[in-house]
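Undergrad: Take this structure, written in C-alpha cells, and hold onto it; I'll ask about it next.
Here, each number is a calculation from the coordinates, and none is a lab measurement. Keep in mind the model is a prediction, meaning the values are calculated, not measured. Cβ coordinates were reconstructed from backbone atoms using ideal geometry, including for glycine residues, and neighbour counts include every protein chain displayed.
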Ligand code: CP
C-alpha cells in the first residue's frame, strides 16, 4: 500500500507516529534534497501558509534549519524568542501562543523546556504543532534526520547496530532516536556511565553497555551525544576530564577497534569531551551530512503536515 498522507496533524514525538509516516517523510525528504541542490532552491508548496518558530530554549541548528526549510517552501515566517518577549512579564504559554495564532498563523514550530508542552498546546489550539525539542522528552526531527542520514550512508537502517553514547538521562535526542530506530528495525544499544543511563531504558528494547570499546566494536554506527552541562543539577560525573578519559572517542580508540564505523553527533559538540576534533572532522564522521539532511527532513515534515490542515 502506498501512503500519501501522515497519520497525524501534529509532530509531537516519534512515539506517536507510525513506520509508514517515517517512510513517507523519508521519501518526501529525498525529493526535497534534490530541490535544495538545484540552483533555484525554492518551491511554492507552502505559499499561503504562515509558520511561527517559537523558541523558549536556545538553538542554532534546529532554528536555522526550520527557517530555511520554511523559506524554501515559500512559507511566510515569523520568529519568536522567549528571551526578548512578554513571557518575561509573566504571560502564560497558552496566552503567548494564542496571541501569535490570532495573527493568522497556521503552523507552530516550538522548542520548550517543559516535557509535554506540545501535547498541552495540541489540545487547545487548531494550528499544526511541530516539536523542535521539549525538555528531556523528544526531539523528533533530529531523530528523523539521524535515521535518514544512516539510511543514506549505509543503504538501510533495518538490521544495523546503532550505539547511542553519552548523556542518555537528559537527552531528548536519545529517546526520539530509540523510538525511530526501533520502528525502522535497527538494533539499539546505549553506552555511558551508569549515572547517565536511566533505569527504565531496557524497557524500551535497547541493550546497555558501560564499556565504550565493547560498544564501538559491536556497532555499525555510533551516535555520540553532548554532555548537557546546563542540565547537570547534581554531579552525575566527577569531571568532564574524567568523562573524556572513559567515554571520549578519539582516533586511537577507533584504530584499536579496527572496524570502520560511522560517527554521528547531533551537535553542539563539546570538542575534546565527547569527540576529539580528529574524529569529529574525519572521513568516518557524517555530522555535517546530518545538518544538511535536516533541512530536507524539515521541509518534508512541514509539507506533509500542511497537507493535513483540512483533515
Ligand atoms: N541538534 C540540535 O538540536 O541543535 P540545536 O540545539 O543547536 O538546535
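Undergrad: Specify the inter-centroid distance of segment 9-60 and segment 241-285, based on alpha-carbon positions, in whole Å.
TA: 30
Undergrad: I need the peptides 50-62, 215-227 ranked by packing, meaning the mean over residues of other C-beta atoms within 10 angstrom, with the highest value on top.
TA: Values: 50-62: 19.6, 215-227: 22.2.
Highest to lowest by the protection proxy: 215-227, 50-62.
Undergrad: Another question, if that's okay. Kindly state, to the nearest 0.05, the FRET efficiency for residue 123 paired with residue 91, given R0 = 22 Å and r defined as their beta-carbon distance.
TA: So, using R0 = 22 Å, E works out to roughly 0.70.
Undergrad: Roughly what % of Cα-Cα distances in segment 140-286 sit above 26 Å, to the whole percent?
TA: On the way: 1678 of 10731 pairs.
Counting every Cα pair in segment 140-286, those more than 26 Å apart make up 16 percent.
Undergrad: On a full-extension model of 0.36 nm per residue, what is the gain between residue 18 and residue 308, subtracting their alpha-carbon distance, rounded to one decimal in nm? Walk me through the intermediate numbers first.
TA: Values: separation 290, 0.36 × 290 = 104.40 nm, distance 1.55 nm.
Full extension of this stretch gives 102.9 nm more.
Undergrad: Right, here's the next one. Averaged over all directions, how much area does the convex hull of the C-alpha atoms of the chain cover when projected, in nm²? Write down the numbers at each step before the final one.
TA: Values: hull surface 65.7 nm².
Mean orientational projected area (the chain, Cα hull): 16.4 nm².
Undergrad: Sticking with this one: Arranged by the count of other C-beta atoms within 10 angstrom, fewest first, what order do 15, 199 take? List each step's numbers first, then the result.
TA: Details: 15 15, 199 9.
With the fewest neighbours first, 15, 199 line up as 199, 15.
Undergrad: GNM on the chain, C-alpha springs below 10 Å: top fluctuator among 190, 87, 291?
TA: Between 190, 87, 291, it is 87 that shows the largest mean-square fluctuation.
Undergrad: Could you check which residue among 83, 203, 171 shows the biggest mean-square fluctuation in a GNM of the chain with a 10 Å Cα cutoff?
TA: 203
Undergrad: Let me have the 222 nm mean residue ellipticity of the chain computed from DSSP H runs of 4+ only, each contributing -39500 (n - 2.57), with the sum over all residues rounded to the nearest 500.
TA: On the way: 11 runs with 119 residues, N = 311.
Rounded to the nearest 500, the figure is -11500 deg cm²/dmol.
Undergrad: Can you give the convex hull volume per residue for the Cα atoms of segment 231-311, as a whole number of Å³?
TA: On the way: hull volume 11.8 nm³, N = 81.
Each residue corresponds to 145 Å³ of Cα convex hull volume.
Undergrad: Moving on. Compute the angle between helix 287-306 and the longest alpha-carbon principal axis of the chain, please, reported from 0 to 90 degrees and rounded to the nearest 10.
TA: 30
Undergrad: I need 144, 6 ordered by Cβ neighbour count within 10 Å, fewest first.
TA: Ranked by crowding around the Cβ, least crowded first: 6, 144.
Undergrad: Distance between the C-alpha centers of segment 126-163 and segment 83-125? Whole Å please.
TA: 24
Undergrad: Same structure again: Test of understanding: extend the Cα→C-beta vector of residue 98 to 7 Å, then name every residue of segment 106-130 with backbone N under 11 Å from that spot.
TA: 124-125
Undergrad: Neighbour counts of other C-beta atoms within 10 Å: give me 38, 172 arranged from fewest to most.
TA: Numbers: 38 9, 172 23.
Fewest to most other Cβ atoms nearby, the residues stand as 38, 172.
Undergrad: Related question: Quick one: helix 61-72 against the long Cα principal axis of the chain, what's the angle to the nearest 10°, folded into 0 to 90?
TA: The helix 61-72 is inclined about 40 degrees to the chain.
Undergrad: Segment 21-110: Rg/Rh from Cα coordinates, Kirkwood Rh?
TA: Numbers: Rg = 15.1 Å, Rh = 14.5 Å.
With Rg and the Kirkwood Rh in hand, the quotient comes to 1.03.
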